[in-house]
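Just below is one structure, and these are the notes that go with it.
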Amino acid sequence: KKINVALIGATGMVGRTFLKILEERQFPIANFFPFASPEDAGTVITFNGKNYYVEALSENVFNRDIQIALFCAGGDVSAKYAPIAASKGVVVVDNSSHFRMDPDVPLVVPEVNPEAVKNHKGIIANPNCSTIQAMVPLKPLHDKYKLKRVIYSTYQAVSGSGVKGVKDLEEGVQGKQNNFYPHPIAYNCLPHIDDFTENGYTKEELKMINETMKIFNDYNIKVTATTVRVPVRNCHSESINVEFEKPFELKELVNELKNTKGVVVVDNPNNNEYPTAIDCDGKDETFVGRIRRDFSIENGINMWVVADNIRKGAATNAVQIAELLLTYNLV
Ligand code: 2RA
């Protein structure tokens, strides 16, 4: 069965990765409608061997025969147009953060809570990239040992900020100072991703905290986070400390991870084997290493988790949600 798909934000870094993922996974598309902002409209993109003019988004485009609309044009565009699309019977998969905490909007990582898509009321939200890559390994561990507390420390690539972030780093290392970020990112680390809020946390940190509880549907899990921008081009790295309710054998815990779809364990420190951003670039799995007991608490571990924040962190996860809509006959 082939369906008609709209891609809103087709010319951005995530949008272009959507095109690649849709092609790689041979998502069954009959008619394809790429959209962008008026200033980017008219761009020609190639998709599945055909050239398309990217159209300017407007309210009436959703009167066309479209089954799924993939949004990756920022929160303002999603806030305005996703409800219009949904009102016309189009199922929206939204990569922005705008609707993630809406109780009527499922927040989905297909390896973690696929069934949640069945409760959608027109809009399904893609979680934040740094949340998605943590959920994939945490899910089997939560199922077996029950999460009590999670501490995230992230080391996030500049690609998370789009082309401007990448430019700031690449030109910064050549001595040309831009000021996309509030401080130089070259040879530097910035504990500042998204805006600061009144409680001293950034929106990025609050996203990880709130999205973890919503995706596991467990508001008793204690979660905290520190999210940091680092001079890495692509892939987010995360140090995750987990306290479980139940005791565990480390070998058994590692085997749980090895047997989890979407997880690749790279963990042999004696051979300098652990996940690195450069090694994970362009991949869809979540890579886990440095798995070791936290001897400071009764049932705890530390682990190092790396994934491609543009692929699994955004485009691939969203396309997997679209595949679930087909699997569950929801479109
Ligand atoms: C970032 N997670 O890395 C945010 C949005 N992509 O900037």
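Listing for the model above:
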| quantity | calculated |
| --- | --- |
| Candidates 260, 212, 202, filtered to the one that is modelled with pLDDT of 95 or more and more than 15 Å from residue 138 (Cα to Cα) | 202 |
| Residue in region 232-244 that is more than 26 Å from residue 97 (Cβ to Cβ) and more than 16 Å from the ligand (Cβ to nearest atom) present | yes |
| Enumeration of residues in region 18-39 that are modelled with pLDDT of 95 or more, touching a strand residue (DSSP E or B) at 6+ places or on another chain (Cβ under 6 Å) and loosely packed, with under 13 Cβ neighbours inside 10 Å | 30 |
| Which numbered condition residue 79 fails, given (1) over 30 Å from residue 219 (Cα atoms); (2) under 24 Å from the mean Cα position of the chain (by Cα) | (1) |
| Test result for residue 159, in contact with a helix residue (DSSP H, G or I) (Cβ under 8 Å, 6 or more places away or on another chain) and assigned to a helix (DSSP H, G or I) | yes |
| Residues of region 135-169 satisfying the condition of being touching a strand residue (DSSP E or B) at 6+ places or on another chain (Cβ under 6 Å), within 16 Å of the ligand (Cβ to nearest atom) and under 17 Å from residue 209 (Cβ atoms) | 152, 153, 154, 156 |
| Yes/no for residue 261 being loosely packed, with under 13 Cβ neighbours inside 10 Å and basic (Lys, Arg) | yes |
| Region 167-178: number of residues that are surrounded by fewer than 17 Cβ atoms within 10 Å (Cβ to Cβ), in a helix (DSSP H, G or I) and either touching a residue at least 24 places away in the same chain (Cβ under 8 Å) or of a type in the set (A, V, I, L, M) (or both) | 1 |
| Test: residue 194 is away from the ligand (no atom under 16 Å from the Cβ) and under 28 Å from residue 139 (Cα atoms) | no |
| Near pairs, Cβ below 9 angstrom, 6+ apart or cross-chain, from region 187-210 (touching a residue at least 12 places away in the same chain (Cβ under 8 Å)) to any residue that is among the small types (Gly, Ala, Ser) and away from the ligand (no atom under 14 Å from the Cβ) | 187/172; 188/172 |
| Sole residue being at positive phi and either modelled with pLDDT of 95 or more or not in a loop (DSSP other than H, G, I, E, B) (or both), chosen from 89, 42, 15 | 89 |
| Considering residues of region 201-222 that are of a type in the set (A, V, I, L, M, F, W, C) and part of a helix (DSSP H, G or I) only, the residue farthest from residue 107 (Cα to Cα) | 206 |
| Residue 184, sole failed condition from (1) assigned to a loop (DSSP other than H, G, I, E, B); (2) under 30 Å from residue 265 (Cα atoms) | (2) |
| Listing of helices (runs of 4 or more DSSP H) fully contained in region 223-331 that carry 1 or more residues being within 25 Å of residue 17 (Cα to Cα), under 24 Å from the mean Cα position of the chain (by Cα) and touching a residue at least 24 places away in the same chain (Cβ under 8 Å) | 277-280, 316-327 |
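One line per residue, one yes/no per condition, for (1) polar (S, T, N, Q); (2) surrounded by 22 or more Cβ atoms within 10 Å (Cβ to Cβ); (3) closer than 20 Å to residue 238 by Cα:
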position: 150; (1), (2), (3): no, yes, yes
position: 157; (1), (2), (3): no, yes, yes
position: 165; (1), (2), (3): no, no, yes
position: 191; (1), (2), (3): no, no, yes
position: 201; (1), (2), (3): no, no, yes
position: 220; (1), (2), (3): yes, no, no
position: 224; (1), (2), (3): yes, no, yes
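The values are calculated or read from the model by the stated rules, or taken from the named source; none is laboratory data. Values in this document were obtained by computation on a predicted structure and should not be read as measured data. Cβ: placed from backbone, ideal geometry, glycine included. Neighbour counts: every protein chain shown.
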